[in-house]
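One structure below.
The values are calculated or read from the model by the stated rules, or taken from the named source; none is laboratory data. Fair warning: this is a prediction, and the values are worked out from it, not measured in the lab. Because the Cβ atoms are built from the backbone with ideal geometry, glycine has one as well, and the counts that use them run over all protein chains shown.
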Amino acid sequence: MAGDMQRVLTEKKPTLLARPPRPRERLGATASDRWTEQKFKVTAMALLGVIALLITAWFWRSELPALVENLPQPVPPPGSAFFFNATETLLLSSSSPPLPALLAGRIAIPRAPGSFTRLLIEVERLRADPAALSARGFFDAIGIEPPPQFLDAIEPLPQWFIYGGADGRDAGIIFVVKNGPAAAEALAAWEPTIRSDFAFMIPTAPPPPPLIATTTPDAATGTTSDERALLPPAAPSADPVPPRFKSQSYRNIEFRFRELISGHDQGWGYLYFPARRRIIMGTSTAALRAAIDRLFESPNP
């Protein structure tokens with residue numbers, strides 16, 4: 001046995017190539033492979049980053065300006081015409097009720113006597129903040145057509161208010177004037193229909209005074225006042241000649257007003273305040289007088 005082993009070692013001497021790699025040599029090969037793999041990943045990520053930068057640069061130069069140009073421009077509300085005690089917002093959308101109904105509902109909310117509430121009316125938009133409602137948009141929404149020269153004589157953005165009058169809640173609109181004489185001419189031409197155009201903003205007329213109880217039958221109907229109190233109220237008789245607008249003056253500011261019912265401060269009126277270039281429309285003379293006071297009290301713009 002010893003002779004056979006000696007012969008093998010003599011005839012075939014082991015070499016370094018025939019020896020299996022040592023543990024240290026195997027670790028060195030594994031680290032090299034890992035380094036090659038890591039270098040490939042870094043190179044691939046760098047190439048992807050360069051491609052992403054090129055795509056971004058192309059987008060900023062070609063596509064983004066077009067997208068920015070197509071975005072709706074912001075339309076903020078105008079500055080306050082005078083001091084308001086409170087501000088409320090009315091947002092219009094595709095699912096909103098008609099604007100006259102929305103306004104009538106807001107006007108019906110009780111207000112503090114002598115207070116002015118500013119009402120911001122805004123229109124909901126896609127991919128942009130709500131826009132302030134323009135005068136043209138307002139007239140279209142309520143279904144009226146003012147004289148063409150009126151829109152040309154005013155700034156595009158009006159503002160609305162609700163006044164807490166002693167007899168109820170009054171409402172109105174304020175316009176900034178660009179051309180005073182043209183605006184005055186347009187308002188004069190508008191008088192035949194302007195009160196009926198804004199009838200939805202006029203609060204309900206006050207009820208008639210209570211009946212005094214008596215047992216004396218009425219000569220025309222044969223009923224007593226107690227019996228008549230149980231009957232539905234009769235509709236007001238139509239005036240064959242509707243009342244006209246009448247001129248009034250307060251603090252040297254002239255305004256025009258037309259009553260809804262004779263003897264009650266409800267209807268529609270308007271004034272032009274030349275020092276502030278404002279047209280103010282309102283549903284009572286009390287609201288118009290209070291607006292004149294606020295304009296005089298407010299600092300010059």
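Ala219 versus (1) surrounded by 15 or more Cβ atoms within 10 Å (Cβ to Cβ); (2) in a loop (DSSP other than H, G, I, E, B); (3) modelled with pLDDT under 90: which is the lone unmet condition?
Condition (1) is where Ala219 drops out.
Name the pairs whose Cβ atoms lie under 6 Å apart, with the first residue in segment 67-95 and under 20 Å from Ala141 (Cα atoms) and part of a helix (DSSP H, G or I), the second polar (S, T, N, Q) and at pLDDT 85 or above, and 6 or more positions between them or separate chains?
Nothing qualifies.
So that you can scan it fast, the table gives a plain yes or no per residue for (1) within 19 Å of Gly267 (Cβ to Cβ); (2) buried (at least 19 other Cβ atoms within 10 Å of the Cβ):
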residue: Thr117; (1), (2): no, yes
residue: Val123; (1), (2): no, no
residue: Ala135; (1), (2): no, no
residue: Ile154; (1), (2): no, yes
residue: Pro158; (1), (2): no, yes
residue: Asp170; (1), (2): yes, yes
residue: Glu185; (1), (2): no, no
residue: Pro192; (1), (2): yes, no
residue: Asp197; (1), (2): yes, no
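Right, Ile162: of a type in the set (Val, Ile, Thr) and buried (at least 21 other Cβ atoms within 10 Å of the Cβ) or not? So that I can check it myself, show each step before the final result.
Working: of a type in the set (Val, Ile, Thr): yes; buried (at least 21 other Cβ atoms within 10 Å of the Cβ): yes.
Taking the combined requirement at face value, the residue satisfies it.
Hey, Pro203 hits all of (1) at pLDDT below 50; (2) in a loop (DSSP other than H, G, I, E, B) but one; which does it fall short on?
Unmet for Pro203, out of (1) at pLDDT below 50; (2) in a loop (DSSP other than H, G, I, E, B): (1).
Does segment 82-93 include one or more residues that are on the phi > 0 side of the Ramachandran plot and modelled with pLDDT of 90 or more? Spell out how you get there, then give the answer.
Going through segment 82-93, the residues on the phi > 0 side of the Ramachandran plot turn out to be none.
Scanning segment 82-93 turns up no residue that is on the phi > 0 side of the Ramachandran plot and modelled with pLDDT of 90 or more.
How about segment 110-140: which of its residues are farther than 15 Å from Leu157 by Cβ, modelled with pLDDT of 90 or more and not charged (D, E, K, R)?
Result: Ala112, Pro113, Gly114, Ser115, Phe116, Thr117.
If we keep just the residues of segment 137-152 that are in a helix (DSSP H, G or I) and out of contact with any strand residue (DSSP E or B) (no Cβ under 9 Å at 6 or more places or on another chain), which is surrounded by the fewest Cβ atoms within 10 Å (Cβ to Cβ)?
Our first condition is that a residue be in a helix (DSSP H, G or I); within segment 137-152, this holds for 137-142, 148-152.
Those still in the list that are out of contact with any strand residue (DSSP E or B) (no Cβ under 9 Å at 6 or more places or on another chain) too: 139-140, 142, 148-149, 151-152.
Working: Phe139: 16, Asp140: 13, Ile142: 15, Pro148: 10, Gln149: 16, Leu151: 16, Asp152: 12.
Out of the qualifying residues, it is Pro148.
Of the residues that make up segment 87-100, is at least one under 20 Å from Glu297 (Cβ atoms) and either hydrophobic (A, V, I, L, M, F, W, C) or touching a strand residue (DSSP E or B) at 6+ places or on another chain (Cβ under 7 Å) (or both)?
yes
Given Ser80, Ser95, which one is over 13 Å from the mean Cα position of the chain (by Cα) and surrounded by 15 or more Cβ atoms within 10 Å (Cβ to Cβ)?
On the way: Ser95 fails: surrounded by 15 or more Cβ atoms within 10 Å (Cβ to Cβ).
None of the other options fit; the residue is Ser80.
Given the condition in a helix (DSSP H, G or I) and of a type outside the set (S, T, N, Q), answer yes or no: does some residue in segment 109-119 qualify? Spell out the reasoning first.
Kept after step one, since they are in a helix (DSSP H, G or I), are these residues of segment 109-119: none.
No: zero hits.
Please find, within segment 247-274, the residue that is surrounded by the fewest Cβ atoms within 10 Å (Cβ to Cβ) out of those that are in contact (Cβ under 8 Å) with a residue 24 or more places away in the chain and of a type in the set (Gly, Ala, Ser).
Just the residues of segment 247-274 that are in contact (Cβ under 8 Å) with a residue 24 or more places away in the chain, to begin with: 248, 250-251, 253, 255-258, 260-261, 264-270, 272, 274.
Imposing the further condition that a residue be of a type in the set (Gly, Ala, Ser) reduces the set to 267, 269.
Details: Gly267: 22, Gly269: 24.
Per the stated criteria, the residue is Gly267.
Within segment 139-149, is there a residue that is of a type in the set (S, T, N, Q), farther than 24 Å from Ser95 by Cβ and in contact (Cβ under 8 Å) with a residue 12 or more places away in the chain?
yes
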